[in-house]
């Protein structure tokens, strides 16, 4: 049987982290009472007009720069038409003709084996980033044959990031999305929490034989976590391979991932293909961005966005941060990868290193093996850790000064975990875990033991 | 003060000097609206709020602190502008009973300056039409139908007045009729393809279409976003300048308004036109242009020539494509703009409950008239993926050519273009409705449409009465954002032609001062 080459591309919608929506002044907030964050424009009241939110443009420029894109100094807005209850205007404002950023790339790392001992770097091309409106939410109440519509989310700014089909499996897609998530969170352009709908991923999947043209692709939607993303993609790849090997064909359709069953199912029917009747958005002039060279002399600073100015102020991206950690602390790349992968863990590590004399190379073991496994066991985030970096630092100092053994240290750690407010020193004293350094005292104890076990000693000396 | 007074010249002064009180002025207008109800110019008369505004204005005048020249001046607004607390219907079943929670920027500006909002005027449904005959509240009647001038000249006396009345033109017919019949001193209309200038010509009033981007569209329910402008209807050019000054300027809520500062201006009294170059575009000698209007146009050109201006024939070669081009772009935008009317958030919602989709379909069928639905269907067709390049993009390219025609002509040294506004004087209603809306629009928009394509300012100035005793106007088209020059020339022309005042029985009854200033036309 000829080998199959799976091809995976992604369309990712990241909600922009901003105070107000993309084209109106209403607030952006998760889980507010239904329809409490809806401006006249969001409700599509006739006669209202869109006004572009500067912060959203800056977020998109930052993201484009971080993903190595060319920022289009002139981009355009379009209307994408379809009728749906959560789309009050009957069209979405998006950027179909000329988006704000194009032709970038994202590097991400994968572990070769499950022991996290070897990493490999891959790249995925970023086709484009476009600004567009989010839709509202509709809840179908079948028992009462009604649909409930909440427009709080309608009009919130989104960045759609399109990743070219350079990935080959669920693991790669998951790693790429994870890296994107970290980048967005570092930039602050999106909080990118999938559970809160701030990051939504649709996967385009197809398979083909090497040397042959790409196969028909399906779109997989309704994926709620990075873990499910990998599962959904891998399932879909398998499904397509099986279908084709059994002589079937793949339909160019949209499928939803059913997380309970772990499979993809065709989505409720969309008769034929939708024609979105794209049309330029007449109420928004072209979006013009400047760089230092093209910035006109008398321009009002409030009215323009300078790409170079934003570039100069970009924070260190995860890849840079990881390198810096490796260089500064002499830890392995895999370690630094994990440090950045857990929210707050890198900061925790650095805080511990500051507080203790123990070498970072040793501290890292405690962070990754002990602290992290405890956190995972109890499903806690670093922020929720009952053991603070100070406490851990103090504990490691005791170990470093040889006041306790490493076994004892683990015991103390377990005790600290209970979060009863005791310091490591207090626990050591309480449980008498201190290492005896006094030679004389040690001799006394040994002598006492020997004295108490006369018979055994004689037996031992006789061989 | 009389109801026919110009703002600057008389009414404002009278208010300031206390010779007439705002409440009295308001009451007289309201009474006149009642007695001219048969014109059907108003959809909603906001009697209570208007009187309240008048009272507040009166307080300010008493304290010697009027807000400006518009304080206490009764105005009317076309019913496609949002007015908070007052119904906004667009003359459609879709928005019957719709009370907007906000004021359009232009409405807010008028109110902020103390104007008294009398009510909302009638129009073609969603501003689609050139007769103001296709709204759900019925057609608007041209006040001139009841004028002494028309009755004297009107053919077969056997025809009753009822069937002989003529249309206002459209789609801002209600506003034009309101100004023409003295029920208000100024009115807002909208202009997308001529909808302010056309009824202005038929009703014998000044109709100004400002440069696109000069006046905010925030709150104007759109027809074609890339061509719509709020229009100004007044009884004289000076008043139009006053209104323009109070409305123009950047609006952060409308991203298509220009950022530049706008300076309101007073119109100079031009006496020397020798430095002017007037262009006469030959393509505006359009098929169907009445010989009467042709003669009038020619006479006007001579008027300028004899006064020393340079009058040249020019060419705008792509004029003949503007209607077809407009049809594609307009219907495409209509299809898009009307998509929001689904019955979900506001407006009419059908009782059909089988599914969301069936509810949408029923709501839109019940809410929109044939004209609107026809344009939506056409527009959707042009926007289909397979048609987009062929129609929409092509039309945009043609639009660019049309705009360039004007650029070339203005660059060649011409200051102002002089053209007819309409093909003929107002048609009797019974005759007008023989053809469908689309045919009529196609015919009537030909002389006004191109200015919308190019975003240029244009103004109708009432010129003379036709053989039938009905108003005929001529149009001036100016350079972008050169309203001052445009209005200055228009004012000069207005002074030369001395267009006669309408002689209306109803007005006579309500306002004895009116006929003190009767003038006769020097042009006929």
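Points worth noting:
- Residues considered: B:223, B:233. Of these, the only one that is within 14 Å of another protein chain (Cβ to nearest Cβ) and either crowded, with 24+ Cβ neighbours inside 10 Å or without any contact (Cβ under 8 Å) to a residue 12 or more places away in the chain (or both) is B:223.
- Residue in the stretch A:304-317 that is within 14 Å of chain B (Cβ to nearest Cβ) and either more than 20 Å from residue A:372 (Cβ to Cβ) or part of a loop (DSSP other than H, G, I, E, B) (or both) present: yes
- Residues within the stretch B:236-267 that are assigned to a loop (DSSP other than H, G, I, E, B), closer than 25 Å to residue B:490 by Cα and touching a helix residue (DSSP H, G or I) at 6+ places or on another chain (Cβ under 6 Å), tallied: 3
- Residue check, residue A:31 modelled with pLDDT under 95, over 27 Å from residue B:88 (Cβ atoms) and either over 28 Å from the mean Cα position of the chain (by Cα) or part of a loop (DSSP other than H, G, I, E, B) (or both): yes
- Among the residues of the stretch A:34-68, those that are buried (at least 21 other Cβ atoms within 10 Å of the Cβ), more than 14 Å from every other protein chain (Cβ to nearest Cβ) and outside any helix (DSSP H, G or I) comprise A:37, A:67.
- When restricted to residues that are within 14 Å of chain A (Cβ to nearest Cβ) and surrounded by 20 or more Cβ atoms within 10 Å (Cβ to Cβ), the stretch B:257-292 contains 1.
- Being under 25 Å from residue A:333 (Cα atoms) and assigned by the TED database to the domain that holds residue A:337 holds for only one residue in A:402, A:383, A:418, A:422, and it is A:383.
- Residue check, residue A:342 surrounded by 12 or more Cβ atoms within 10 Å (Cβ to Cβ), in contact (Cβ under 8 Å) with a residue 24 or more places away in the chain and within 24 Å of the chain's Cα centre (by Cα): yes
- In the set (1) away from chain A (no Cβ under 14 Å); (2) assigned to a helix (DSSP H, G or I); (3) at pLDDT 95 or above; (4) surrounded by 19 or more Cβ atoms within 10 Å (Cβ to Cβ), residue B:328 fails one condition alone, (1).
- Of all residues in the stretch B:83-95 being part of a loop (DSSP other than H, G, I, E, B) and more than 10 Å from every other protein chain (Cβ to nearest Cβ), the one that is nearest to the chain's Cα centre (by Cα): B:91
- The single condition from (1) at pLDDT 95 or above; (2) surrounded by fewer than 24 Cβ atoms within 10 Å (Cβ to Cβ) that residue B:64 fails is (1).
- Meets criteria (out of contact with any strand residue (DSSP E or B) (no Cβ under 9 Å at 6 or more places or on another chain), more than 14 Å from every other protein chain (Cβ to nearest Cβ) and closer than 29 Å to residue B:218 by Cα) for residue A:29: yes
- Some residue of the stretch B:314-325 being under 30 Å from residue A:275 (Cα atoms), within 14 Å of another protein chain (Cβ to nearest Cβ) and touching a residue at least 12 places away in the same chain (Cβ under 8 Å): no
- Residues located in the stretch A:271-298, provided they are surrounded by 12 or more Cβ atoms within 10 Å (Cβ to Cβ), within 14 Å of chain B (Cβ to nearest Cβ) and in a loop (DSSP other than H, G, I, E, B): A:275, A:276, A:277, A:278, A:281, A:282, A:283, A:284, A:285, A:286
- Elements of type helices (runs of 4 or more DSSP H) in the stretch A:365-463, at least 1 residues being closer than 22 Å to residue A:342 by Cα: A:372-377, A:389-400, A:406-417
- The residue that is nearest to residue A:59 (Cα to Cα), counting only those in the stretch A:101-116 that are touching a residue at least 40 places away in the same chain (Cβ under 8 Å) and touching a strand residue (DSSP E or B) at 6+ places or on another chain (Cβ under 8 Å), is A:101.
- Residue within the stretch B:385-400 that is free of Cβ contacts under 8 Å to residues at least 40 places away in the same chain, out of contact with any strand residue (DSSP E or B) (no Cβ under 9 Å at 6 or more places or on another chain), at the interface with another protein chain (Cβ under 9 Å from one of its Cβ atoms) and over 30 Å from residue B:133 (Cβ atoms) present: yes
- Residue B:348, sole failed condition from (1) part of a loop (DSSP other than H, G, I, E, B); (2) over 21 Å from residue B:135 (Cβ atoms); (3) within 13 Å of another protein chain (Cβ to nearest Cβ): (2)
- Criterion: part of a helix (DSSP H, G or I) and touching a residue at least 40 places away in the same chain (Cβ under 8 Å) - qualifying residue of A:234, A:202: A:234
- Residue list for the stretch B:363-381, restricted to those being within 13 Å of another protein chain (Cβ to nearest Cβ) and either surrounded by fewer than 19 Cβ atoms within 10 Å (Cβ to Cβ) or over 24 Å from the mean Cα position of the chain (by Cα) (or both): B:363, B:364, B:367, B:377, B:378, B:379, B:380, B:381
- Within the stretch B:26-46, the set of residues being without any contact (Cβ under 8 Å) to a residue 60 or more places away in the chain and touching a helix residue (DSSP H, G or I) at 6+ places or on another chain (Cβ under 9 Å) comprises just one member, B:27.
- Across the stretch B:427-460, the qualifying residues are those that are within 16 Å of the chain's Cα centre (by Cα) and assigned to a loop (DSSP other than H, G, I, E, B), and the one among them that is surrounded by the fewest Cβ atoms within 10 Å (Cβ to Cβ) is B:455.
- Test: residue in the stretch A:326-339 that is away from chain B (no Cβ under 12 Å), closer than 30 Å to residue A:71 by Cα, touching a residue at least 24 places away in the same chain (Cβ under 8 Å) and part of a helix (DSSP H, G or I): yes
- Residue tally, condition away from every other protein chain (no Cβ under 14 Å) and assigned to a helix (DSSP H, G or I), over the stretch B:96-149: 10
- Of the strands (runs of 3 or more DSSP E) lying entirely inside the stretch A:72-173, the ones with 3 or more residues being within 14 Å of chain B (Cβ to nearest Cβ) and more than 26 Å from residue A:208 (Cβ to Cβ) are found at A:78-81, A:91-94, A:137-141, A:146-150.
The values are calculated or read from the model by the stated rules, or taken from the named source; none is laboratory data. Predicted model only: the values in this text are computed from it and were never measured. Here the Cβ is made from the backbone with ideal geometry for all residues, glycine too, and neighbour counts use every protein chain on show.
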